[in-house]
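The values are calculated or read from the model by the stated rules, or taken from the named source; none is laboratory data. What you see is a predicted model; the values in this text were computed from it and never measured. Reconstructed Cβ throughout: ideal geometry from the backbone, glycine too, with neighbour counts over all protein chains shown.
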Amino acid sequence: MTISLRRTAAVAALAALSAALTACGGGTGTPDAGGRARMGASASTSAPATGQSGSPDAAGPSGTPGASATPQPATPQPGAPGRAPTIAPGPNGLTPVFDRAKQRTDKTVALTFDADMTSDQGPRAADGEHFDNPQLISTLRTLKVPSTVFMTGRWAEQYPDQAKSIGTDPNFEIANHSYSHHAFKSPCYGLPALDEAAARADVDRAFEAFRKAGAVNTVPYFRFPGGCYDDQALRAISTAKVTAVQWDVVSGDAFAKDPDAVAEQVLAGVKPGSVVVMHCTRSAAPVTEEAIRKIVPELRKRGYRFVKVSELIGK
C-alpha cells in the first residue's frame with residue numbers, strides 16, 4: 001500500500017472500532033491521552049512492593065522496574081488464576097496497569113484476542129449468531145502463535161467446550177475480560193456501568209466461569225471492557241490481585257471488512273514489546289482470522305517472535 005492508502009485504512013479501521021465498542025468492546029482504551037496506560041512495567045512477584053515510583057493518574061499508576069517474576073506452576077488448579085508474573089500494586093494499592101514492555105529491545109510481540117459476549121446475548125447466540133471464532137483458534141495453533149485470550153465469563157458459559165480447549169492448550173493463556181462486558185467506568189461507549197462492589201464481584205464471576213468450563217491455563221490479568229478505567233475502577237478491583245492489561249497497538253478488526261487494512265494497521269504499529277488488541281468474535285470481527293494469516297508471516301520475516309502477555313510481563 002502507499003502511505004496515503006495506509007493512513008486512510010488506519011483512520012477507517014479506528015472509526016469502525018470506536019463504533020463497535022458498545023456491542024463488542026476492546027476499544028481504543030481510556031478516552032484520555034490517546035486511551036492507553038502511560039507505563040510499560042516490569043514484572044514483580046504478586047506480593048505488594050514498597051518504594052514504587054510514579055503516581056496514579058486517569059490512565060493508571062506506574063509500575064515498579066527491576067523486580068523478579070513469579071513462574072507459573074506446572075499444575076495449576078482448574079479455573080484458578082495461575083501464578084503467572086504480575087506487577088506490584090501502584091501507589092495506594094491501586095491495580096497496576098501494563099500496556100507494553102517498553103524496556104524490551106528484542107523483537108517480541110503479544111497478540112491478544114478479546115472473546116466478548118454480554119450477559120444478554122444468549123438469545124442471539126441461540127438464533128445462530130457466532131460470538132466465537134474456532135477457525136481463528138485453529139489458525140493460531142497451525143501457525144504456532146502463542147496468544148493470550150481475554151475472555152468474558154459469559155463467553156465461557158456459552159462455549160464451555162471451546163473455553164476448555166483453549167484453556168488446556170499450552171499455546172494459549174486465558175485472561176479475564178469481566179463476566180458480562182459491562183463498563184467499570186462511566187461513560188464508556190454506551191456500556192451499562194457497574195458500581196464498585198459489582199465490579200469486584202464481576203471479576204470473580206468470570207474466573208469462576210473459567211473454572212467450571214475446565215480451563216487451567218488462566219492468568220491473573222484483567223482487561224477493562226472498552227478499555228475504560230480510572231483510579232476508582234483500579235481501586236475497585238485491587239483486592240482481586242490482578243494486573244490490568246491494555247495495549248499499544250489497535251488492530252481495527254472490530255466490524256472491519258478488509259483484512260488487508262487490519263493487517264496493515266497492525267504491521268505499521270508493532271514495535272518490540274508491543275501488545276496488539278484483536279477479537280475472537282466472528283459476529284463482531286469477521287476478518288480477523290484472514291488478517292492473522294497475513295500478519296504472522298510478515299512479522300516473522302521482520303524478525304519478531306510471538307509471546308503470551310505473561311512472557312512480556314515476566315521479562
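I'd like to verify a number: residues in segment 108-143 that are charged (D, E, K, R), over 15 Å from the mean Cα position of the chain (by Cα) and surrounded by 17 or more Cβ atoms within 10 Å (Cβ to Cβ), how many? Break it down into steps so the answer makes sense when it comes.
Applying the first criterion (charged (D, E, K, R)) to segment 108-143 yields 114, 116, 120, 124, 127, 129, 132, 141.
Next, only the ones that are over 15 Å from the mean Cα position of the chain (by Cα) stay: 120, 124, 127, 129, 132, 141.
Next, only the ones that are surrounded by 17 or more Cβ atoms within 10 Å (Cβ to Cβ) stay: 132.
Summing the residues that are charged (D, E, K, R), over 15 Å from the mean Cα position of the chain (by Cα) and surrounded by 17 or more Cβ atoms within 10 Å (Cβ to Cβ) in segment 108-143 gives 1.
Report whether or not residue 225 is surrounded by 19 or more Cβ atoms within 10 Å (Cβ to Cβ), under 24 Å from residue 291 (Cβ atoms), within 16 Å of the chain's Cα centre (by Cα) and modelled with pLDDT of 95 or more.
Values: surrounded by 19 or more Cβ atoms within 10 Å (Cβ to Cβ): yes; under 24 Å from residue 291 (Cβ atoms): yes; within 16 Å of the chain's Cα centre (by Cα): yes; modelled with pLDDT of 95 or more: yes.
In short, yes.
Quick check on segment 280-311: of everything there that is in a loop (DSSP other than H, G, I, E, B) and among the hydroxyl-bearing types (Ser, Thr, Tyr), which residue is nearest to residue 245 (Cα to Cα)?
Of segment 280-311, the ones in a loop (DSSP other than H, G, I, E, B) are 280-287, 302-304, 307-308.
Subset that is among the hydroxyl-bearing types (Ser, Thr, Tyr): 281, 283, 304.
Details: 281: 19, 283: 24, 304: 21 Å.
Step by step, filter segment 280-311, then rank; the result is 281.
Only residues that are in a loop (DSSP other than H, G, I, E, B) and either in contact with a helix residue (DSSP H, G or I) (Cβ under 7 Å, 6 or more places away or on another chain) or of a type in the set (A, V, I, L, M) (or both): list them for segment 247-257, please.
From segment 247-257, those in a loop (DSSP other than H, G, I, E, B) are 247-248, 251-257; that's our starting set.
Result: 251, 252, 253, 254, 255, 256.
Determine, yes or no, whether residue 153 is more than 11 Å from the chain's Cα centre (by Cα), of a type in the set (Gly, Ala, Ser) and within 18 Å of residue 83 (Cα to Cα). Quick ask: steps written out before the conclusion?
On the way: more than 11 Å from the chain's Cα centre (by Cα): yes; of a type in the set (Gly, Ala, Ser): yes; within 18 Å of residue 83 (Cα to Cα): no.
Judged against the criteria, residue 153 is not a match.
Of the residues 262, 287, 270, 276, which is in contact with a helix residue (DSSP H, G or I) (Cβ under 9 Å, 6 or more places away or on another chain) and within 21 Å of residue 170 (Cα to Cα)?
Values: 262 fails: within 21 Å of residue 170 (Cα to Cα); 287 fails: within 21 Å of residue 170 (Cα to Cα); 270 fails: within 21 Å of residue 170 (Cα to Cα).
Residue meeting the stated conditions: 276.
Name every residue in segment 95-142 that is of a type in the set (Val, Ile, Thr), in contact with a Phe, Trp or Tyr (Cβ under 9 Å, 6 or more places away or on another chain) and more than 23 Å from residue 225 (Cβ to Cβ), in order of residue number.
108, 109
What's the total number of residues in segment 110-149 that are part of a loop (DSSP other than H, G, I, E, B) and aromatic (Phe, Trp, Tyr)? If you could, list the steps in order and put the result at the bottom.
Quick first cut of segment 110-149, residues part of a loop (DSSP other than H, G, I, E, B) only: 116-121, 127-133, 143-146.
Retained after the next criterion (residues that are aromatic (Phe, Trp, Tyr)): 131.
Qualifying residue count for the region: 1.
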